[in-house]
1. For region 216-232, does any single residue satisfy the condition of being surrounded by 15 or more Cβ atoms within 10 Å (Cβ to Cβ), touching a Leu at 6+ places or on another chain (Cβ under 9 Å), among the polar types (S, T, N, Q) and modelled with pLDDT of 60 or more?
2. Select, from Ile88, Ile102, the only residue that is assigned by TED's automatic domain parsing to the domain that holds Arg150, more than 18 Å from Leu130 (Cα to Cα) and modelled with pLDDT of 55 or more.
3. Can you confirm whether Arg427 is in a helix (DSSP H, G or I) and at pLDDT below 85?
4. Quick check: is even one residue across region 135-143 free of Cβ contacts under 8 Å to residues at least 40 places away in the same chain and either under 38 Å from the mean Cα position of the chain (by Cα) or at positive phi (or both)?
5. Looking only at residues in region 151-165 that are surrounded by 14 or more Cβ atoms within 10 Å (Cβ to Cβ) and at pLDDT 90 or above, which one is nearest to Pro115 (Cα to Cα)?
6. Please find, among Gly351, Gly324, Gly341, the residue that is in a loop (DSSP other than H, G, I, E, B), modelled with pLDDT of 90 or more, assigned by TED's automatic domain parsing to the domain that holds Glu392 and at positive phi.
7. Restricting to region 411-440, give me the number of residues that are touching a strand residue (DSSP E or B) at 6+ places or on another chain (Cβ under 7 Å) and farther than 16 Å from His456 by Cβ.
8. Phe457 is checked against (1) within 20 Å of Ala320 (Cβ to Cβ); (2) surrounded by fewer than 17 Cβ atoms within 10 Å (Cβ to Cβ); (3) touching a residue at least 12 places away in the same chain (Cβ under 8 Å) and fails just one. What number does that condition carry?
Amino acid sequence: MPRLYVPTMLPHLTTARAPLVAIVGRPNVGKSTLFNRLVGSRRAIVGDEPGITRDRLYAESTWNGRKLRVVDTGGIVPDEKELIPAEIFRQAKMALEEAAAIVMVVDVRTELAAPDMELARLLQRLGKPLFLAVNKVDTPKLEAEAENFRTLGIQRLFPISAEHGTGAAELLEAVLHVIPEKKHEAKAEAVPEVAPAEQPVAELTEEEPAPRETKVAIIGHPNVGKSTLLNALTGTARAIVSPIAGTTRDAVDEVMQRDGKQYRFIDTAGIRRKGKTHLMAEKLSVVMARKHLEAADVALLVIDAVEGVNALDATIGGYAHESGRSVIIVVNKWDLVSSKGAGPARKNDDGRPPADRDIYEQQIRRALKFLDYAPVVFVTATTGKNLGKLFETLDLVASERRKRISTAQMNRFLESVDFERASVPHRQKVKVFYMTQAHVSPPTFILFTDKDVKLHFSYERFLQNQIRKAFGFVGTPIWIKNRPRKKVELGPRKERRRS
């Protein structure tokens, strides 16, 4: 059996930083709406379809100077036998174990049912501060209806409207009142400001100061093993894993530390083609996936080794490339094709040899030509094989993304470039005066030329390749912008003296 990689988790980032408030309840009672209301952002997908939320979603909030964390859970149906509801229940129980207080949400417009009674009894047995939020109380008439839910036996009852914000402040005040205030809550951490990019840079190649954490988005089409990879990288059961395509809907993130470096891994929903998304939740999950991708530093583009690269993989990779994210191509389920008889892909192979890594990588390069700068790593997420190599590549790519080249170096580099080798139409040829790096993450270069024209694609590609050959920039796209040098304004001519 291959050794499983077990990372070091950050306890202060999961439990000690601020008290946790868990929001629980049956499906479609408004838990995610209340969660978004308490944290002040649209972190969770909200819709009329029941069972949209599946994984645990965490976010921080501040109220009257006190910090707290809020966790949104999927709709709980106790003793449900189906796979997804059972996994939702398991995820919710993990949130309840670490919670300092629990808010059970019910819908005032529905009748009390046996599952509500059963869930209330389960929560009361935990012995933690318990609150009942009777949601969707949008009119004064419904406030009286909310009193009917006292039969659940929960003393702290609050009629609220999560959509409009009514009663949310009173609920939050009551929750914080029963949670003892810790000393570390009152002290806000001082975050050092990063020096602006316009400051003078040193003569040698250097890196920008490393950020407090590297944000890594795990992207790909449904059922390629993104959630399994998240769980393997973080050493947790953070995300629900099932053979059902589209299990993940909300983006699930987890913070962990390895060798003194901090990472935030974000498992995004599987991105489908537009014509293949029918449910509203699926459409929103794709939008949220792209939103979280654009907020990340590095994207892990997960490819199913059995299926190989397809057009949708190229489209998803294009999203990462165009948004300026660094990219690592992760070929998952490699064990199923790399050894004869190892799995379903080789059961009836009629003597075909196992897949060759070099040949497979060449096929990937042909299919994803625009990602020729992205390193390829072959892993098996279910066993943790080669995850150490993936972390090494991730550190390298994150470092290359922050690399800065001095202007003096760039000018010496320009002197060595033979621009005649670039096949460019004559009318789009430009004379380059000098070049400088304006930004990092992604590295962006300003080219000062004699013409105000858009750089020809082949010219830009040629220059990018020359920059990579000289300075590296592994795994990150390079942006080049053209800026014409302004002509010097001449003064008025002096008139000749008449003799």
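1. For region 216-232, residues surrounded by 15 or more Cβ atoms within 10 Å (Cβ to Cβ), touching a Leu at 6+ places or on another chain (Cβ under 9 Å), among the polar types (S, T, N, Q) and modelled with pLDDT of 60 or more: absent.
2. Ile88
3. yes
4. Yes; the residues of region 135-143 include at least one that is free of Cβ contacts under 8 Å to residues at least 40 places away in the same chain and either under 38 Å from the mean Cα position of the chain (by Cα) or at positive phi (or both).
5. Checking each candidate, the answer is Leu152.
6. Numbers: Gly351 fails: modelled with pLDDT of 90 or more; Gly341 fails: modelled with pLDDT of 90 or more.
Just a single option satisfies the conditions, and that option is Gly324.
7. Residues flagged as touching a strand residue (DSSP E or B) at 6+ places or on another chain (Cβ under 7 Å) and farther than 16 Å from His456 by Cβ within region 411-440 amount to 9.
8. Only one criterion is unmet by Phe457, namely (3).
The values are calculated or read from the model by the stated rules, or taken from the named source; none is laboratory data. This structure is a prediction, so every number in the text was calculated from the model and none was measured. We place every Cβ from the backbone using ideal geometry, glycine too, and count neighbours over all the protein chains shown.
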